[in-house]
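All remarks here apply to the structure that follows.
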C-alpha cells in the first residue's frame, strides 16, 4: 500500500495490449490496487524480459515471464522482487504485488525458483554478503518460525552459544541489523519460501 494509505499504485509495462488490458482488469476488480499510466506508482508489473530490463530498479518489480530461462534473466535485473509465471491468476498477481511492496521476494512455484538451493537464486545473493551454509539455513528457517535461541539449540541439538554464532554470521552475510530484518532480506532473496 502506498504511504498515503490509499490503494497500491501499479504501473504495467510490456506485453501485448491485450495482456496489459487483462492484467489491468484483474487488478481493477480489487480495491487494494490502482493501475496507473506511466512509470510512477508503488510497484511495476513487468511483462517479459524487455519490460523488466526497462524498469532500471527504481521501484519494486514483479516480473511476469514465460518459463525458467526468462525467470533467470529477470532475477539478474535490479529491483526484481517477484517472478510470476505467465499463467498466474489474479490472486497470485495480487499476492505478489503486495509482497513486493512489503519488501518480500516471491516466485511462482511452477518456475522452480522458490527453493534456497536454486542455482539462480544462489547466484543473485552471492554478491550480497556471501552464501549461507546448510546449518545457517537451518537456523535461519527456525528464526523465521519465531523460535528463540534456546529452542533453536534444542531443536538442532547444538549449544545456545553456537546458535548465537550462527545468527551473527547470518546477520553479517545478509547485511541485516536484526533477526527480523534478516528474515525479511532472506525471504526477498529467495532463501525462505514465502
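The values are calculated or read from the model by the stated rules, or taken from the named source; none is laboratory data. Model, not experiment: these values are computed from the prediction. Quick reminder, even Gly has a Cβ in these numbers, built from the backbone with ideal geometry, and neighbours come from all protein chains shown.
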Of all the helices (runs of 4 or more DSSP H) wholly in the range 1-101, which have at least 2 residues that are more than 21 Å from residue 192 (Cα to Cα) and at pLDDT below 85?
67-75
Quick check on the range 116-127: of everything there that is surrounded by fewer than 14 Cβ atoms within 10 Å (Cβ to Cβ) and under 19 Å from residue 69 (Cβ atoms), which residue is modelled with the lowest pLDDT?
123
Looking at the range 157-168, which of its residues are touching a helix residue (DSSP H, G or I) at 6+ places or on another chain (Cβ under 7 Å) and either surrounded by 18 or more Cβ atoms within 10 Å (Cβ to Cβ) or assigned to a loop (DSSP other than H, G, I, E, B) (or both)?
159, 163, 166, 167
Checking the structure you have, find out if any residue of the range 55-63 is surrounded by 15 or more Cβ atoms within 10 Å (Cβ to Cβ), more than 21 Å from residue 187 (Cα to Cα) and in contact with a strand residue (DSSP E or B) (Cβ under 7 Å, 6 or more places away or on another chain).
yes
Top-ranked residue of the range 128-156 - restricted to ones that are touching a helix residue (DSSP H, G or I) at 6+ places or on another chain (Cβ under 8 Å) and touching a residue at least 40 places away in the same chain (Cβ under 8 Å), ranked as surrounded by the most Cβ atoms within 10 Å (Cβ to Cβ):
140
Can we say residue 30 is surrounded by fewer than 21 Cβ atoms within 10 Å (Cβ to Cβ), in contact (Cβ under 8 Å) with a residue 24 or more places away in the chain and within 20 Å of the chain's Cα centre (by Cα)?
no
Would you confirm, using the coordinates I've provided, whether residue 180 is assigned to a loop (DSSP other than H, G, I, E, B), within 18 Å of the chain's Cα centre (by Cα) and not assigned by TED's automatic domain parsing to the domain that holds residue 96?
no
